[in-house]
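Each remark here refers to the structure printed beneath this line.
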Amino acid sequence: MIVGHGIGVVRDLPIPAAYFFVGAAVVLAVSFVLLLYLWRRPVLEAHADGRELPAWLSRLVLSRAVRIVLGAFSVFLLGLTLATALFGTTVELLNFAPTFVYVIFWLGIPLLSILFGNVWSVLSPWRSLADAAVWAIERGEREARPVLEWTGRMGRYPAAAALFAFVALELAHPRPDYPRTLGIAIALYTYWALAGMAVYGRDPWTRYGEGFAVAFALLARIAPFAVRGGAVVVRWPFTGLGGADRMRGTLFFVAVLLGSTSFDGFSRSSTWQDLLGNLRAELAGSSQRTVDLATTFLNLGGLAFFVAAILATYLAAVAAAEKLGRIERSLVPDFVLPLVPIASAYLVAHYFTLFLIQGQFIITLISDPFARGWDLFGTADFAPNLAIVSPETVWYVQVAALVVGHVAGLAIAHDRAVAVFQGRRTALEAQLPMLGLMVLYTLGGMWLLTRG
Amino acid sequence: MLSRRRLVTFAAVLGLLVGGFALASCGGDDGDAAATDTTTTSESTTTETTTTETTTTETTTTETTPPPAGPTEIRIVVVNGAPKGGIVRENVKKGDRVVLIVRSDVADHVHLHGYDIKRDVAPGQPARLPFKATIPGRFEVELEDRGVPIADISVSA
């Protein structure tokens, strides 16, 4: 087990100071040049609709057949993961479930969402199960109606709570990849997703309650593909993040996403590991349960601190922008979306190696998911290449991802600023706090990567 | 245009920020490196003077050195189920031959992640985990049953 992380056998070497300085210099230079020369009227929202793909392609991608096939496959994978977690071997790395959940699902789907749009809308096993249930009810000539009406009062807080529960399991639990623990977590989350859809309806719960669906939908707004008015459109990447997001709880959700990834980086540093080590040494005479409980609370505290720090810095920057821009109303909803590219840059920078290296294990595991000596697909003897990427490549990708995320975030914030603030001069000045915030997040993310 | 004074102030603040981060990261690195060095030397001198010499020559000299001497030894002592002096951090070069020697006052399994080597350890029966550092990255060594990390080995390219 690796404390403070779900799974992973090879960790990244810290990035050398030279990479940090070059990255930081690029970030600063680009920020100022962009600020002075960027567009003067909002452009992103106008381009978010993109251009429609050929009608036959849209029909195919959005067809009922594709939904049914992918949905059935995804429900099968959910069943397999739950079964291996509950009944398979308890050796973490020989069990299908931990690698599937923490690597293939939690890193693979965000990647697919960023590249291809909201794939989760057809891949979600919970949505598929709910769709099937509604189909069955309506076939029986009855009406499938939610129990309660979604009023929107809760905003995205239910989804943020669900996401926080998941990252707390991943980052604070002493043995997050222990198959039985994971099995219980999957069962609980399945209940959360299905019960929510039954009570509030499939669409509201997918949009505001199912944490993963909300996360993937947010990341999918980066993608060059989207569904608009029943057609698949192709558009410039990041244009989907224009405008404000006025749904309550969105800020909290994004803060959990960003805070958890940065805490994950920090929790693997020697500083945090030594802190945990000292705590364990203090409790040397106590039972394993006491030690585990103390570790969990310390990790939870760290996680909560990082989320709170993101919230506090964002709110401070927004307050400064309101003051400089002489705006009376709250601008909190206006600058949340620029944080999405930064969150996805953090994801790429922190999990690139984990995905490439640990992801290979799924090839072996799929042939023998219960570790019973099966060889279903003839890949049980596949030997993952643990040296697949050189440290230099990893550092380069990490710094590049953070710089790209920063530039995108900055441009999106700028697009919003020219819409919100009156006059060019005010718009430029009022952007400075947001610029400072993003520089802080980007350099902070890079600095975390230099920690050994 | 943006007022010059504000821009300058802002640039200064950003500069300070970068400088602060840079200092923090450099300072941390130096501190860590120094700490590891001292532990290595002190531990090796108390055990075997000959190994210290071979180890130092191997790590400091370049690849042109003729036949490589013995493997780099990394010693870890576990007291009360925790690594003595905190988690042992060592750097080795890719291609080095390394052997981990773990002495423990509790029975457990020592597991080197990534290279996936596991050996039993018990009071009076130290575990030896020899390996060739072929995979770059950072690897955790843990007491498997307790789930306690005892060392952190960096293999640099």
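The values are calculated or read from the model by the stated rules, or taken from the named source; none is laboratory data. All of these numbers come straight from a predicted model, not from anything done at the bench. Heads up, the Cβs are rebuilt from the backbone with ideal geometry, glycines too, and the neighbour counts pull from every protein chain shown. Just the protein is used for accessible areas: all its heavy atoms, side chains included, with ligands, DNA and RNA removed. Shrake-Rupley method; radii C 1.70, N 1.55, O 1.52, S 1.80 Å.
Could you please find all residues in the range A:257-290 being surrounded by 13 or more Cβ atoms within 10 Å (Cβ to Cβ), among the aliphatic types (A, V, I, L, M) and without any contact (Cβ under 8 Å) to a residue 12 or more places away in the chain? Answer for the range A:257-290, where residues must be surrounded by 13 or more Cβ atoms within 10 Å (Cβ to Cβ), among the aliphatic types (A, V, I, L, M) and without any contact (Cβ under 8 Å) to a residue 12 or more places away in the chain: A:Ala281, A:Leu283.
With respect to the conditions (1) out of contact with any helix residue (DSSP H, G or I) (no Cβ under 7 Å at 6 or more places or on another chain); (2) open to solvent by 70 Å² or more (accessible area, probe 1.4 Å), B:Ser154 lacks only one, and its number is (2).
Scanning the range B:131-151 for residues that are touching a residue at least 40 places away in the same chain (Cβ under 8 Å), more than 7 Å from chain A (Cβ to nearest Cβ), over 22 Å from A:Asp292 (Cα atoms) and open to solvent by 20 Å² or more (accessible area, probe 1.4 Å) yields nothing.
Let's see how each residue does on (1) surrounded by 18 or more Cβ atoms within 10 Å (Cβ to Cβ); (2) among the β-branched types (Val, Ile, Thr):
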site: B:Ala69; (1), (2): no, no
site: B:Ile74; (1), (2): yes, yes
site: B:Pro83; (1), (2): yes, no
site: B:Arg103; (1), (2): no, no
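Taken over the range A:163-174, the criterion of being open to solvent by 10 Å² or more (accessible area, probe 1.4 Å) and of a type outside the set (Phe, Trp, Tyr) is satisfied by A:Ala165, A:Ala168, A:Leu169, A:His173, A:Pro174. Of all residues in the range A:267-283, those satisfying the criterion of being of a type outside the set (S, T, N, Q) and either within 9 Å of chain B (Cβ to nearest Cβ) or within 13 Å of B:Glu140 (Cβ to Cβ) (or both) are A:Arg268, A:Asp274, A:Leu276, A:Gly277, A:Arg280, A:Ala281. Summed over the range A:428-445, the residues that are facing chain B (nearest Cβ under 9 Å) and among the hydrophobic types (A, V, I, L, M, F, W, C) give a count of 6.
Table: residues versus (1) touching a residue at least 40 places away in the same chain (Cβ under 8 Å); (2) within 19 Å of the chain's Cα centre (by Cα); (3) within 23 Å of A:Ala401 (Cα to Cα).
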residue	(1), (2), (3)
A:Ala317	yes, no, no
A:Lys323	no, no, no
A:Leu331	yes, no, no
A:Phe335	yes, yes, yes
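One residue alone among A:Val119, A:Val101 is over 17 Å from A:Leu219 (Cβ atoms), of a type in the set (Val, Ile, Thr), open to solvent by 10 Å² or more (accessible area, probe 1.4 Å) and touching a residue at least 24 places away in the same chain (Cβ under 8 Å), and that residue is A:Val101.
Among residues of the range A:7-34 being over 20 Å from A:Arg451 (Cα atoms) and facing another protein chain (nearest Cβ under 9 Å), the one that is modelled with the lowest pLDDT is A:Phe32. When A:Asp245 is tested against (1) under 28 Å from A:Leu129 (Cβ atoms); (2) surrounded by fewer than 22 Cβ atoms within 10 Å (Cβ to Cβ), exactly one condition is not met: (1). Whenever a residue of the range A:214-239 is aliphatic (A, V, I, L, M), its partners that are open to solvent by less than 10 Å² (accessible area, probe 1.4 Å) and in a loop (DSSP other than H, G, I, E, B), lying with C-beta atoms within less than 6 angstrom and at least six residues away or across chains, give the pairs A:Ala220/A:Gly117; A:Ala223/A:Gly117; A:Ala226/A:Gly117. The residues of the range A:350-405 that are within 23 Å of A:Phe21 (Cβ to Cβ) and either of a type in the set (A, V, I, L, M) or touching a Lys or Arg at 6+ places or on another chain (Cβ under 6 Å) (or both), listed by number, are A:Val389, A:Val394, A:Val397, A:Val399, A:Ala400, A:Ala401, A:Leu402, A:Val403, A:Val404.
Of all the criteria given as (1) within 30 Å of A:Pro98 (Cα to Cα); (2) crowded, with 18+ Cβ neighbours inside 10 Å; (3) modelled with pLDDT of 90 or more, the one not satisfied by A:Ser367 is (2). When A:Pro391 is tested against (1) over 30 Å from A:Leu86 (Cβ atoms); (2) in contact with a helix residue (DSSP H, G or I) (Cβ under 8 Å, 6 or more places away or on another chain); (3) within 14 Å of chain B (Cβ to nearest Cβ), just one condition goes unmet, and that condition is (2). Under the condition of being more than 19 Å from A:Asp177 (Cβ to Cβ) and touching a Pro at 6+ places or on another chain (Cβ under 7 Å), the residues counted in the range B:108-149 number 2.
One residue is enough: does the range A:80-101 have a residue meeting the conditions among the aromatic types (Phe, Trp, Tyr) and more than 30 Å from A:Arg372 (Cβ to Cβ)? Checked against the condition, which is being among the aromatic types (Phe, Trp, Tyr) and more than 30 Å from A:Arg372 (Cβ to Cβ), the range A:80-101 yields no hits at all. Taking the stated definitions as given, is A:Ser330 open to solvent by 20 Å² or more (accessible area, probe 1.4 Å) and among the polar types (S, T, N, Q)? So A:Ser330 passes the test. Can you tell me which residue is nearest to the other protein chains (Cβ to nearest Cβ) among those in the range B:80-100 that are touching a Lys or Arg at 6+ places or on another chain (Cβ under 9 Å), within 22 Å of A:Asp274 (Cβ to Cβ) and not in a loop (DSSP other than H, G, I, E, B)? Ranking the candidates gives B:Ala82 first.
For the range A:190-205, the count of residues that are open to solvent by 60 Å² or more (accessible area, probe 1.4 Å), touching a Gly at 6+ places or on another chain (Cβ under 9 Å) and within 14 Å of chain B (Cβ to nearest Cβ) is zero. Of the residues making up the range A:135-154, those that are assigned to a loop (DSSP other than H, G, I, E, B) and open to solvent by less than 100 Å² (accessible area, probe 1.4 Å) are A:Gly140, A:Ala144, A:Pro146, A:Leu148, A:Trp150, A:Gly152, A:Met154.
Only one of the listed residues (A:Leu376, A:Leu386) is of a type outside the set (Asp, Glu) and more than 14 Å from chain B (Cβ to nearest Cβ). That residue is A:Leu376.
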